[in-house]
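Asks: I have a structure here, written as structure tokens, and I will follow up with some questions on it.
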Amino acid sequence: MEHFSVIQSIIRAGLSGDSGAFDKQVVRLRTRLEKAGATKEAATIERLLKAATETKDIKPSRVEVSRARISGEVLTPDTNPPIDRETGASLCQVHFPTGERNVPVYEGRVFETVAGLLEEWSSADALRNVGVEPTRSLLIFGPPGSGKTLTATYIAEQLGLPLVTAKIDGLISSFLGTTARNIANLFDFANRYSCVLLLDEFDALAKVRDDPQEVGEIKRVVNSLLQNLDHRRAFGVTIAITNHDRLLDPAVWRRFETHIHIGEPGTQARTKMIERFLAPLKPEPPIFSIIAYCLEGHSGADLERICVSLKRSLALSGESHDGPGLFHALSAVLSRLPSQDHAPARILASDPEAFISLIANDLDFPLKQAEIGQATGYGQSRVSDIKKSKRHLTLMEAARA
Ligand SMILES: Nc1ncnc2c1ncn2[C@@H]1O[C@H](COP(=O)(O)OP(=O)(O)O)[C@@H](O)[C@H]1O
Ligand SMILES: [Mg+2]
């Protein structure tokens, strides 16, 4: 049998648990296949290798941060948060660490930044020895539902500190002059206790700035914010979040040492999130790739919502909790969603066979015909027939017309 010696080496490396040697032998097999003209198989191995390295990047952090050394009194559930004196509404909400590690799923680079930040805190002494401090201010920006608030919660949880969340909306009072006082009260509170301060929905400032009636007031608010941010550096960690990065004042940007952009999740991240959100269902993994392919362009929050709908649909339809059951449920759920921008989702919503024709003909789609057949319940030979029919082309052309 051709290539058997390489396969043998792969098995040996796999059994001995030597992942370096394992990777090397797999690369060897890919090269051999390529040279033997088996380009499709070689490409499949290439994709598997690529997928494996990308998943490694976004695996949960194992950095355990020792209780952060941030000055301040201990915040307890009995501590009263500051309130807006005119309305009596709380200026912030306090979330205490629960010990739960809801690790967000990111593209490699975002993960590195967050992990790096946590590492600074776990190595705070080493940093102080060379006269620097761990990063204390962070600005997170990106589209809605991308996991920004989740990231702030995760960081506070990892630091073992309560998270004091203030919505800028809530700070801006309808009573002139009260806003600056609200901001001062909020920062006094956050600086007094050992905590992470989260300024969520920073964009609210930009909204008010567009209102010509409020120009004077908003200038005061921005100035007061900047002063408070500068002063806070001596106390604790501050995270600000915004959906609309362009609307932020450059002076606000400069106040933050690190900026993290969380964008739309890529294929690997989508696949991982779908797997997580579909739990406790445990179908064979290939269906995750199909769902991820269909749901390109959706945020993490969207994916979570769609996965909940999938589970509901599956439970009510009485279909099996496996790939084929989920494939039908996905088609049904997509057909109920408002119009889809993404062609594969649109095609699956109206014609599952055309969708199979699409993925079977797409060279970039990672699954082989046999896997598509198994994951969807159509079987390999039916998938092969559908592939030849190219019936997705009519739908694609109809959409273009
Ligand atoms: N990157 C992600 N990883 C894991 N879950 C996510 C991610 N992005 C969004 N979610 C899910 O969507 C929910 C809402 O996300 P959230 O952090 O509030 O988004 P944002 O603050 O960016 O608008 C989260 O609680 C989580 O369940
Ligand atoms: Mg949010």
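Asks: Based on this model, can you work out whether Asn228 counts as more than 16 Å from ligand 2 (Cβ to nearest atom), assigned to a helix (DSSP H, G or I), at pLDDT 90 or above and closer than 30 Å to Asp188 by Cα?
Replies: Numbers: more than 16 Å from ligand 2 (Cβ to nearest atom): yes; assigned to a helix (DSSP H, G or I): yes; at pLDDT 90 or above: yes; closer than 30 Å to Asp188 by Cα: yes.
Yes, satisfied.
Asks: State whether one or more residues within the range 362-377 are among the aromatic types (Phe, Trp, Tyr) and either modelled with pLDDT under 95 or part of a loop (DSSP other than H, G, I, E, B) (or both). Even if it seems obvious, please write down each step before you answer.
Replies: From the range 362-377, those among the aromatic types (Phe, Trp, Tyr) are 365; that's our starting set.
Going one step further and asking which of them are either modelled with pLDDT under 95 or part of a loop (DSSP other than H, G, I, E, B) (or both), we end up with 365.
Yes: the range 362-377 contains one or more residues that are among the aromatic types (Phe, Trp, Tyr) and either modelled with pLDDT under 95 or part of a loop (DSSP other than H, G, I, E, B) (or both).
Asks: In the range 92-114, which residue that is in contact with a strand residue (DSSP E or B) (Cβ under 6 Å, 6 or more places away or on another chain) and away from ligand 2 (no atom under 16 Å from the Cβ) is modelled with the lowest pLDDT?
Replies: Only one residue tops the list, namely Thr113.
Asks: Hey, does the range 153-164 have a residue that's polar (S, T, N, Q), farther than 21 Å from Gly72 by Cβ, away from ligand 2 (no atom under 14 Å from the Cβ) and crowded, with 17+ Cβ neighbours inside 10 Å?
Replies: No.
Asks: A follow-up question, please. Mind listing whichever residues of the range 241-272 are under 20 Å from Glu112 (Cβ atoms) and away from ligand 2 (no atom under 16 Å from the Cβ)?
Replies: Phe256, Glu257, Thr258, His259, Gly266, Thr267, Gln268, Ala269, Arg270, Thr271, Lys272
Asks: Could I ask something else about it? Just the residues that are open to solvent by 50 Å² or more (accessible area, probe 1.4 Å) and modelled with pLDDT of 85 or more, please, taken from the range 44-82.
Replies: Glu73, Val74, Thr76, Pro77, Asp78, Asn80
Asks: Test Ala240 against the stated conditions and say whether it is small (Gly, Ala, Ser), open to solvent by 30 Å² or more (accessible area, probe 1.4 Å) and in the same structural domain as Leu159 (by TED's automatic domain parsing). Working first, answer last.
Replies: Numbers: small (Gly, Ala, Ser): yes; open to solvent by 30 Å² or more (accessible area, probe 1.4 Å): no; in the same structural domain as Leu159 (by TED's automatic domain parsing): yes.
Criteria not met by Ala240.
Asks: Tell me the residue from Thr242, Thr258 that is touching a Leu at 6+ places or on another chain (Cβ under 9 Å), modelled with pLDDT under 95 and closer than 25 Å to Lys219 by Cβ, please. Break it down into steps so the answer makes sense when it comes.
Replies: Details: Thr258 fails: closer than 25 Å to Lys219 by Cβ.
Answer to the check: Thr242.
Asks: Follow-up question, since we're still on this one. Among the numbered criteria (1) in contact (Cβ under 8 Å) with a residue 12 or more places away in the chain; (2) under 19 Å from Gly145 (Cα atoms); (3) within 16 Å of ligand 1 (Cβ to nearest atom), which one does His342 miss?
Replies: (3)
Asks: How many of the residues in the range 266-293 are under 21 Å from Asp362 (Cα atoms) and either within 10 Å of ligand 1 (Cβ to nearest atom) or without any contact (Cβ under 8 Å) to a residue 60 or more places away in the chain (or both)?
Replies: Count: 8.
Asks: Testing Thr98 on (1) of a type in the set (Val, Ile, Thr); (2) more than 16 Å from ligand 1 (Cβ to nearest atom); (3) surrounded by fewer than 18 Cβ atoms within 10 Å (Cβ to Cβ), one condition comes back false. Which one is that?
Replies: Unmet for Thr98, out of (1) of a type in the set (Val, Ile, Thr); (2) more than 16 Å from ligand 1 (Cβ to nearest atom); (3) surrounded by fewer than 18 Cβ atoms within 10 Å (Cβ to Cβ): (2).
Asks: Among the candidates Ile359, Ile347, Ile386, single out the residue that is in contact (Cβ under 8 Å) with a residue 60 or more places away in the chain, among the β-branched types (Val, Ile, Thr) and not assigned by TED's automatic domain parsing to the domain that holds Ala51.
Replies: Numbers: Ile347 fails: in contact (Cβ under 8 Å) with a residue 60 or more places away in the chain; Ile386 fails: in contact (Cβ under 8 Å) with a residue 60 or more places away in the chain.
One residue alone meets the criteria, Ile359.
Asks: Also, quick follow-up: Restricting to the range 126-150, name every residue that is farther than 16 Å from Gly236 by Cα and either away from ligand 2 (no atom under 11 Å from the Cβ) or in contact with a strand residue (DSSP E or B) (Cβ under 6 Å, 6 or more places away or on another chain) (or both). Let's see the steps before the verdict.
Replies: Taking the range 126-150 first, the residues farther than 16 Å from Gly236 by Cα are 126-127, 129-131, 140-150.
Of everything in the range 126-150, those that are farther than 16 Å from Gly236 by Cα and either away from ligand 2 (no atom under 11 Å from the Cβ) or in contact with a strand residue (DSSP E or B) (Cβ under 6 Å, 6 or more places away or on another chain) (or both) turn out to be Ala126, Leu127, Asn129, Val130, Gly131, Ile140, Phe141, Gly142, Lys148.
The values are calculated or read from the model by the stated rules, or taken from the named source; none is laboratory data. What you see is a predicted model, and the numbers here were worked out from it, not measured in a lab. As a convention, Cβ positions derive from the backbone with ideal geometry for all residues, glycine included, and neighbour counts pool all protein chains shown. Please note that ligands, DNA and RNA were not included when accessible areas were found on the heavy atoms of the full protein model with its side chains. Shrake-Rupley method; radii C 1.70, N 1.55, O 1.52, S 1.80 Å.
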